[in-house]
Amino acid sequence: MIELCAITKSFAVGLPYQLTAVRDVSLVIEQGQFVVIKGPSGSGKTTLLTLIGCMARPTSGRIMLRGLPHPGLPGSADSAEVEITSLPERFLTAIRRATFGFIFQHFNLVRGITVLENVMLPAYPTGEPYELFRSRALQLLELFSISRHAATPVDRLSGGETQRVAIARALINNPKVIIADEPTAHLDSGLSSEFMEILSTFQAQGKTVLIASHDPLVYESSIPDMVVQMRDGAITGITRQQ
Amino acid sequence: MSPTMRKSNIFILITCFNLALLLLLAAHARLGKQNAEVPQAVCAGIVKELQLTDLCLFTEARYTRHPSMADFHAPFQDHPGALDHFPSGSLVSPPRFSHEGL
Amino acid sequence: MSGLLARHRNIIDFALSSLLRRKAKNISLLAVYTLIVIIIASCMLFINALKQEAAAVLKDAPDMVVQKMVAGRHDLMPVSRGEVIGGITGVRGVTARLWGYYYDAVTRANYTLTVSDGGQPAPGSIYIGSAIARLTGFSQGDLMPLRTYKGESKLLQVVRVLPAEAEIVSADLIVLSEKDFRELFNFPAGFATDLAVSAGNPLELATIAAKIVHQFPDTRPIMKSEMLRTYDSIFDWRGGMIVVMFAVAVLAFIIFAWDKASGLSAEERREIGILKSIGWETADVLLLKFWEGAIISLTAFLCGATVAYCHVFFFSASLFEHALKGWAVLYPQFRLAPSINAYQLTILFFLTVVPYTAATIIPSWRSATVDPDSSMR
């Protein structure tokens, strides 16, 4: 479970061009939920995702994780509650690596290297044995039907195939939470629905899914459990559907 | 996809091979030093027999052939305005003697 | 522990992938880098070996050589002075040395002619150095023509070719009898080229030298320690070509490092941002950059040092022959005793590996510390 309490994120604090991207946001996301954050560009969706995914720290407020793996913290069972806002960078990164899988809007793949290596990249610095995560990567490629591209440089793939590489990479460390930022921005409707289907299968496996999107195909879909509306950095409404 | 050898393994192998080669050469150097004693003795014998004072490295000019016998004005001994012998002249500097001034 | 090793190996994997993306550039960089290491290491090994050879071989050189000077030039030494010098306390013996240079117009080579003290070879015969034998094709039993200063031709029989192992001191030598020497050069009787003085106690040499100079102010004594010191400072680091070569090498290293140190391209910064966003820490990124630099410089050093050693000790530094030969026609075949100066090699290692690796890491520092979400803004 992820709980946000009065989260505010401001950039360039104290300077004339100070920007408050997220304003006093409180939210609870249950484990295994499929949540869509909807809103126009500039509403703070991306910033909120980075805060939840331990990629940035809020200017004020607290974020708590419960029931999610937090490796490296001595003496705490998985069920214990961890406040991540006060953790040093090292622990934050460790939690992020183990817990969250990010799918970026522009895919953020490393050009010039193969598909397989791109998928394996997040696992490189963990010290995990190579054979283990390599076989996992191959399984993921198999799952997304792109095994035949394993040795292909990533630049040569089509949009849809690149999308799937990005998803596979997000899953390499077996994260409990999948976060996607505007994932359908570069996809046609066919691929977009396919994307939603893929993510719902992961939800069925018990993973939590979090998507930020202003694409109606995403937030009007029947798959999400909860749709959070944002505008100007604040939540303006929450819709739950069953 | 057939598993080819990991790049890092190849690199580590090459590096270790190189290092082993270098160590082998170091051993060769140690061995070679002992083996060189005989030819060096032959050399030293000739030096003693003929009372030589210099190694025969550059045979172009007096001061490059016998640098220990030469002096500061040596490059001018060929003729005034003579250019230095290249490259030996720039490699062999005039020696420093305790009894200079001549 | 195995996790630490695994982490390094994984990062080396990616560093290699990263370098292989620009295969042509990095391979040519490696090639040039290695070449520079080969040249510098060859020089170091060659010079070191030469100095050691000199020390080992010249230890039996004359204790002192006394030259006579006139108007700053080397003049002939009256043999009679030898008797006077022989009377100085501490002097064990004085021998008149006869030696000089002979230019052979046919081969255009300079030979060093010298007379041995023992009375051998007999008049009419000569010993020749192995390089002369190689150059002229003369061998034992052949007759060699030499031109006297009077313009006549003199035939001398080669009775011995000096051993090839002694080539480094005798490559260009022709040893002949005193009679033939004086005849060849029209060398006046009663004079010698210089005097070789041997002392009973080598510590007294300085005193003896002072006495000689006091007695004959127009002479210059050269002590054995000074002769050896010549070869200590041979190929002086401060001299001419060596400075130029090292300057060029250092410049090359600087250029390589500069290319790295002048900051990262936008592409590289973007990539670091991506790595941070997928969970790489600052330390991981820096380790990556370290390995990118170390892979190239370490490989260049190891390959270069190995090739340099083989070049100097197995191929007798044949690359330098063209550089060192100059106008000389005769050039000895160096069969140097192999030796590695660990101190110099360590310095070369640090010069090769450290600046380049540092130049790869340091500019990445700033980029490596970006926030993980920077690639999303």
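Things to note:
- Structure-based [θ]222 nm, the protein assembly as shown - -39500 (n - 2.57) summed over DSSP H runs of at least 4, per residue, nearest 500: -14500 deg cm²/dmol
- Charged side chains reduced to their Cβ positions (Lys and Arg at +1, Asp and Glu at -1) give the protein assembly as shown a dipole of some 300 debye around its Cα centre.
- Relative contact order of chain A, defined on C-alpha pairs under 8 angstrom at six or more residues apart (%): 28 percent
- Pair residue A:204, residue C:329: separation of 7 Å Cα→Cβ label points (nm): 9.4 nm
- Taking a point 7 Å out from the Cα of residue C:318 in the direction of its Cβ, none of the residues of region C:42-71 has a backbone N less than 11 Å from it.
- Percentage relative contact order, chain C, counting C-alpha pairs under 8 Å, at least six apart: 27 percent
- Antiparallel bridge percentage (DSSP; both residues within the protein assembly as shown; nearest 5): 70 percent
- Residue exposure proxy: A:213, C:297, A:158, ordered by other Cβ atoms within 10 angstrom of their Cβ from fewest to most, comes out as A:158, A:213, C:297.
- Fraction of beta bridges assigned by DSSP in chain A that are antiparallel (%, nearest 5): 55 percent
- Counted by Cβ distance under 13 Å from residue B:35, the other residues give a net charge of +1, where Lys and Arg count +1 and Asp and Glu count -1.
- Rounded, prolate or oblate (a/c below 1.5 giving rounded, otherwise prolate when a/b exceeds b/c) for region C:67-132 by Cα gyration tensor: oblate
- Selection from C:305, C:140, C:210 lying farthest towards where the dipole of chain C points positive, charges on Cβ: C:305
- Rounded Å value of the spacing that divides the Cα centres of region A:157-216 and region C:1-45: 38 Å
- Whether region A:179-242 is rounded, prolate or oblate, judged on the alpha carbon gyration tensor where a/c under 1.5 counts as rounded: oblate
- For residues of A:192-202, the mean tally of beta carbons on other chains within 10 Å: 0
- Pairs from the table (C:68/C:325; B:33/C:68; B:33/C:59; C:68/C:150; C:150/C:224; C:51/C:154) lying more than 28 angstrom apart at Cα are C:68/C:325; B:33/C:68; C:150/C:224; C:51/C:154.
- 10 Å Cβ neighbours from other chains, averaged over peptide C:217-230: 5
- The alpha-carbon of residue A:45 sits under 29 angstrom from the alpha-carbons of these lysines, leaving out residues fewer than 8 places away in its chain: A:9, A:176, A:207, C:276.
- Packing order of peptides C:75-82, A:119-126, highest average first: A:119-126, C:75-82 (average count of other Cβ atoms within 10 Å over each peptide's residues).
- Region C:141-195 and region A:83-108 have Cα centres lying 87 Å from one another.
- Sorting the segments A:232-240, A:45-53 by their mean number of nearby beta carbons within 10 angstrom, highest to lowest, gives A:45-53, A:232-240.
- Annotation: aspartates and glutamates with alpha-carbon distance below 15 angstrom to residue C:289 (same-chain offsets under eight excluded): C:13, C:259, C:267, C:268, C:271, C:281.
- Region C:61-110 versus region A:1-66: alpha-carbon centroid distance in Å: 95 Å
- Distant-in-sequence amide H partners of residue A:33 (H built 1.01 Å from N, under 5 Å): A:209
- Averaged over the residues of A:84-90, the number of partner chain Cβ atoms lying within 10 Å of the residue Cβ comes to 1.
- Residues of region C:3-39 with amide N under 19 Å of the 7 Å Cα→Cβ point at residue C:255: C:24-39
- Span-rule helices in chain C, defined as complete DSSP H runs reaching 20 Å or more along the axis (Cα) with Kyte mean at least 0.0: C:2-21, C:23-57, C:240-261, C:282-314, C:342-368
Read-outs throughout are calculated quantities, based only on the coordinates presented, and are distinct from any laboratory measurement. Computed from a predicted structure; not experimentally measured. Cβ: placed from backbone, ideal geometry, glycine included. Neighbour counts: every protein chain shown.
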